[in-house]
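**Student:** What follows is a structure written as structure tokens; I'll ask about it next.
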Amino acid sequence: MPQDHTERRVVVTGPPRQTRRASSGYYRPRTEIDEQTTLGHTYVRSLMRTQLRAALTVFAILVLLVGPLPLLFAAMPDARRLEWSVLGFGLYAPLVLLARWYVRRAERNERDFVRLVEDR
């Protein structure tokens, strides 16, 4: 009985161990931002626009809150104690609340931006 010493080759087929995504169809916003492409510039510009909108909102409320005070004080020339109490105590709470709102809004804008960039 002669033995056949020729080796047989076996071809194993199956799914590849590591799949690579096609670079043309793969969406990477973080890479777009890092490489400063037009799309990355658009992402950053939209974040800056939302932050600016929040800042302008706070500024407008501040102007409406503090702006009329000189006119009010000019209308009442003999009320020095009222002026100091309004400036010292009356504006403190609204300014703190306004600052808190702005910080929370800015952090939420940044969280939304990070979620947008990292989710896809």
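The values are calculated or read from the model by the stated rules, or taken from the named source; none is laboratory data. Given the structure is predicted, the values throughout are model-derived calculations rather than measurements. Note: ideal-geometry Cβ built from the backbone for every residue, glycine included; neighbour counts use all protein chains shown. Accessible surface areas use protein heavy atoms only, side chains included; no ligands, DNA or RNA. Shrake-Rupley method; radii C 1.70, N 1.55, O 1.52, S 1.80 Å.
**Student:** For a quick size check, give me the Cα extents of the chain along its three principal axes, largest first, whole Å.
**Tutor:** 126, 29, 15
**Student:** How much mean residue ellipticity at 222 nm does the chain get from its helices, if each DSSP H run of length 4 or more adds -39500 (n - 2.57) and you divide by all residues, to the nearest 500 deg cm²/dmol? The partial results should precede the final answer.
**Tutor:** Working: 5 runs with 76 residues, N = 120.
Result for the chain: -21000 deg cm²/dmol, rounded to the nearest 500.
**Student:** Per-residue HN-Hα couplings for segment 88-105, Karplus 6.51 cos²θ - 1.76 cosθ + 1.60 at θ = phi - 60°, whole Hz, x for Gly and Pro?
**Tutor:** x, 10, x, 8, 4, 4, x, 5, 5, 5, 5, 5, 4, 4, 5, 5, 5, 5
**Student:** How much length is gained if the chain between R8 and R108 is pulled fully straight, taking 0.36 nm per residue apart and subtracting their Cα-Cα distance, in nm to one decimal?
**Tutor:** Going from the current span to full extension adds 29.6 nm.
**Student:** Leaving out ligands and nucleic acids, and using a 1.4 Å probe, what accessible area per residue does segment 30-117 come to in Å²? Let's see the in-between values first.
**Tutor:** Values: 6820 Å² over 88 residues.
Accessible area per residue: 77 Å².
**Student:** Summing +1 for each Lys or Arg and -1 for each Asp or Glu, what net charge is found among the other residues whose Cβ lies under 13 Å from the Cβ of T38?
**Tutor:** Once positives and negatives cancel, what remains is -1.
**Student:** Using Cα centres only, tell me the gap between segment 24-64 and segment 80-120 in whole Å.
**Tutor:** Cα centres, segment 24-64 to segment 80-120: 20 Å.
**Student:** If you filter segment 22-120 for GluC sites (Glu not before Pro), then keep DSSP loop positions with at most 11 other Cβ within 10 Å, what is left?
**Tutor:** E35
**Student:** If you don't mind, another one. Within the chain, what whole-number % of the accessible surface is contributed by carbon and sulfur, with the 1.4 Å probe and all protein chains included in the calculation?
**Tutor:** With neighbouring chains kept in place, the figure for the chain is 58 percent.
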